[in-house]
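As structure tokens, the structure follows; a few thoughts come after it.
The values are calculated or read from the model by the stated rules, or taken from the named source; none is laboratory data. Quick caveat: nothing in here was measured; it's all calculated off a predicted structure. Here the Cβ is made from the backbone with ideal geometry for all residues, glycine too, and neighbour counts use every protein chain on show. Side chains are part of the model used for accessible areas, which takes the heavy atoms of the whole protein and leaves out ligands, DNA and RNA. Shrake-Rupley method; radii C 1.70, N 1.55, O 1.52, S 1.80 Å.
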Amino acid sequence: MVQYLKSVDIPENRVILITPTPLCETAWEEQCIIQGCKLNRLNSVVGEYANACLQVAQDCGTDVLDLWTLMQDSQDFSSYLSDGLHLSPKGNEFLFSHLWPLIEKKVSSLPLLLPYWRDVAEAKPELSLLGDGDH
């Protein structure tokens, strides 16, 4: 994926890889049983994918957010997962709280293309956005 992005002129410093989240095997097994199958994933295997993601990020020179480790370093990570596999609302908040600083760091040096919203003329906003309005 990173090589493809580079091939379409997206530099590696604009990419953030995210490892998979850990798997709560007991909760996911319950979901599997409801679907009529046995447990089909293991957290140790998810960890291998997470490690591969970390290695790719290092090899390609991209930033990486290691959710697999971060979630397991904090409290009981099962509250971050709605069914043992997918993020719950709390898990989405966790992701946002760790991803936003990485995004902010990348975009903080970008130029502001549009005026600050308070600087837009309410009566004729096109003048604030397009100059004389003929563009």
> Charges only on Cβ, +1 for Lys and Arg, -1 for Asp and Glu: so what's the dipole of segment 73-135 about the Cα centre, in debye to the nearest 20?
Replying inline: 140 debye
> Applying the Karplus parametrisation 6.51 cos²θ - 1.76 cosθ + 1.60 with θ = phi - 60° to the phi angles of segment 111-119, what ³J(HN,Hα) value in whole Hz is obtained for each residue in order, glycine and proline being reported as x?
Replying inline: x, 7, 8, 10, x, 4, 4, 6, 8
>> Let's see if you can work this out: charge +1 on each Lys and Arg Cβ, -1 on each Asp and Glu Cβ, no other charges. What is the dipole magnitude of segment 1-128 about its Cα centre, in debye to the nearest 20?
In response: 260 debye
> Which is farthest toward the positive dipole end of the chain among Pro125, Pro11, Thr26, measuring Cα position about the Cα centre, with Cβ charges +1 (Lys, Arg) and -1 (Asp, Glu)?
Replying inline: Thr26
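Accessible area of the chain with a 1.4 Å probe: how many percent of it is carbon plus sulfur? Numbers along the way, then the final one.
Numbers: 5430 of 9460 Å².
Ligands and nucleic acids excluded, carbon and sulfur give 57 percent.
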> What is the gain in length, in nm to one decimal, between Glu12 and Asp73 on full extension, counting 0.36 nm per residue of separation less the C-alpha to C-alpha distance?
Replying inline: 19.2 nm
> What residues qualify as long-range amide H neighbours of Leu65, i.e. H under 5 Å apart, gap of 5 or more or another chain, H built at 1.01 Å from N?
Replying inline: Leu17, Ile18, Thr19
>> Loop-only GluC sites (Glu not before Pro) in segment 1-94, please: DSSP not H, G, I, E or B, and at most 13 other Cβ atoms within 10 Å.
In response: none
>> So if each residue of separation counts as 0.36 nm, and I subtract the Cα-Cα distance between Asn92 and Asn51, what length gain in nm does that give?
In response: 12.6 nm
